[in-house]
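Peer 1: This is the structure I have questions about; it appears just below.
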Amino acid sequence: MGTVTIGVSIAVPEPHGSLLQERRAGFGDPAACDIPTHVTLLPPTEVDASALPAVEAHLLEVAAAGRPFPMRLCGTGTFRPLSPVVYVRVAEGAEACTWLQKQVRDTSGPVARELHFPYHPHVTVAHAIDEAAMDRAYEELASYEAQWPCTGFALYEQGSDSVWRKLREYAFGGAVVPPQACAPADRDSTLPAR
């Protein structure tokens, strides 16, 4: 069956996603059109194609335990000189993203993996392009702001053409009810009649 390269991320919704993707392309980043605008939860990870059902089941559990939260992007940052990346900062929602990515990469799950760098939620707007273009991205998006309610995440697969395509979306707070949220049966009888 072979292997596939997958990733898990929070999509930046419209109109913000297309705008940032167009800006990324405008800075000369050749990968801009292959990668939907996103906040990464699981970086590109190679798995056996036969493991996809287990990955999807795991992500359903993660999503069921998650709750919607506000996301706000504001200003720019860079990982230079460690990594040739300019990004838009996650000003609100970073804690929730950090919690989510830990759940996705859970050591007992099907996509457990170590990261090359400490996790830092962000939206890449320039990667591995010339320094002048990186500087331009950093400066031109310094006052950029966007916000939206984050209600879930998605699983993506990278095709042989290097384009990332969405396989499935996962909404937070699925039908699974955590045991602690259920009231004991004997307490129900003490509730007043309506």
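The values are calculated or read from the model by the stated rules, or taken from the named source; none is laboratory data. Just so we're clear, the structure is a prediction, and the values are computed from it rather than from any experiment. We place every Cβ from the backbone using ideal geometry, glycine too, and count neighbours over all the protein chains shown.
Peer 1: Answer with yes or no whether Ser143 is part of a loop (DSSP other than H, G, I, E, B), of a type in the set (S, T, N, Q) and at pLDDT below 95.
Peer 2: no
Peer 1: Here is a further query. If I ask for residues that are small (Gly, Ala, Ser), surrounded by 14 or more Cβ atoms within 10 Å (Cβ to Cβ) and either part of a loop (DSSP other than H, G, I, E, B) or in contact (Cβ under 8 Å) with a residue 40 or more places away in the chain (or both), which ones from the range 92-119 would you list?
Peer 2: Step one: filter the range 92-119 for residues small (Gly, Ala, Ser), giving 93-94, 96, 108-109, 112.
Next, only the ones that are surrounded by 14 or more Cβ atoms within 10 Å (Cβ to Cβ) stay: 93-94, 96, 109.
Hits for the range 92-119 are Gly93, Ala96, Gly109.
Peer 1: Being assigned to a strand (DSSP E or B), surrounded by 15 or more Cβ atoms within 10 Å (Cβ to Cβ), aromatic (Phe, Trp, Tyr) and modelled with pLDDT of 50 or more, is that true of even one residue in the range 169-188?
Peer 2: Yes, there is a match, as at least one residue in the range 169-188 is assigned to a strand (DSSP E or B), surrounded by 15 or more Cβ atoms within 10 Å (Cβ to Cβ), aromatic (Phe, Trp, Tyr) and modelled with pLDDT of 50 or more.
Peer 1: Output the number of the condition that Val86 fails; it satisfies all remaining conditions of (1) under 19 Å from Gly152 (Cα atoms); (2) touching a helix residue (DSSP H, G or I) at 6+ places or on another chain (Cβ under 7 Å); (3) of a type in the set (A, V, I, L, M, F, W, C); (4) modelled with pLDDT of 95 or more.
Peer 2: Of the numbered conditions (1) under 19 Å from Gly152 (Cα atoms); (2) touching a helix residue (DSSP H, G or I) at 6+ places or on another chain (Cβ under 7 Å); (3) of a type in the set (A, V, I, L, M, F, W, C); (4) modelled with pLDDT of 95 or more, the odd one out for Val86 is (1).
Peer 1: Quick one: in the range 14-32, of everything that is loosely packed, with under 15 Cβ neighbours inside 10 Å and not in a helix (DSSP H, G or I), which residue is modelled with the lowest pLDDT?
Peer 2: Pro30
Peer 1: Here is a further query. Residue pairs, Cβ under 7 Å, 6 or more apart or interchain, first in the range 149-175 and in contact (Cβ under 8 Å) with a residue 60 or more places away in the chain, second loosely packed, with under 14 Cβ neighbours inside 10 Å and assigned to a loop (DSSP other than H, G, I, E, B). List them.
Peer 2: As it stands, the answer is Pro149/Pro68; Cys150/Pro68; Thr151/Pro68; Phe172/Arg67; Phe172/Pro68; Gly173/Arg67, since those pairs meet every condition given.
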